[in-house]
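Colleague: First the structure, then my questions, so here it is.
Just so you know, all these numbers are worked out from the coordinates, no wet-lab data involved. Note that this is a predicted model, so its numbers are computed, not measured. Glycine gets a Cβ as well: all are built from the backbone with ideal geometry, and neighbour counts include every protein chain shown.
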């Protein structure tokens, strides 16, 4: 055997011996401590027979003294003195009762309130119009004389024929016939046609208006009749019962 194997073998034997010695010591120690059974019973009975002394008792718990909370007294509030406001009493002067006037006194007061004659405006000759009268206006007598002249008669016949030629009506004739009035301007234009008297058929009246409007403008009237046609409306009776 070489040196290394001999050394390892030596150490293994030494280790086993140390382990064996330790185990034997443990068993020997237990044998020294163990008591016989009878001696154990005596010791146990002695322990049980001993009475507990007051020293074994635990001290009682400390009881803390209860402190009652102090009741806070309500603060006394001094009463607030309310300032009394002096109300100003308005004293209205007493009105003296009016004396009842008699009937005569009431009439005098009413007459005194009316405006005097000096304050009243003086009426004008034509109080309803501020327009200056036209010096060219014809009087009723002058218009009557112009309507008897040959110029008026010829022009009137011309107007009636022209308007009648433009009047168209193919239905039954009405029992009454309308009268239409209109104005003729100096250039021959017809203005403001209006039904002066109605017939018993409104359609017949409208046909008459259409005939007048269709005839405008007419041939200009003679210069002597210009002012008369401005003032006096031309009237035309649409009685066609004899045509």
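Colleague: Per Stokes-Einstein, at 4 °C and 1.567 mPa s, what whole-number D in µm² s⁻¹ belongs to the range 141-237, with the Kirkwood radius over Cα pairs as the hydrodynamic radius?
Modeller: Values: Rh = 14.0 Å.
For these conditions, the coefficient is 92 µm²/s.
Colleague: So for 209, 170, fewest C-beta neighbours within 10 Å to most, what's the order? Mind dumping the intermediate values first?
Modeller: Details: 209 16, 170 4.
Listing 209, 170 from fewest to most nearby Cβ atoms yields 170, 209.
Colleague: Listing 205, 200, 239 from the residue with the fewest other Cβ atoms within 10 Å to the one with the most, what is the order?
Modeller: Details: 205 20, 200 11, 239 14.
Listing 205, 200, 239 from fewest to most nearby Cβ atoms yields 200, 239, 205.
Colleague: While we're looking at this one, here's another question. Give me the one-decimal nm value for the distance between modelled label points at residue 71 and residue 213, 7 Å along each residue's Cα-to-Cβ direction.
Modeller: If labels sit at residue 71 and residue 213, their model points lie 11.0 nm apart.
Colleague: How much length would be gained if the chain were fully extended between residue 187 and residue 165, taking 0.36 nm per residue of separation minus their Cα-Cα distance, in nm to one decimal? Don't jump to the answer; show the numbers that get you there.
Modeller: Details: separation 22, 0.36 × 22 = 7.92 nm, distance 2.08 nm.
That works out to 5.8 nm of additional length.
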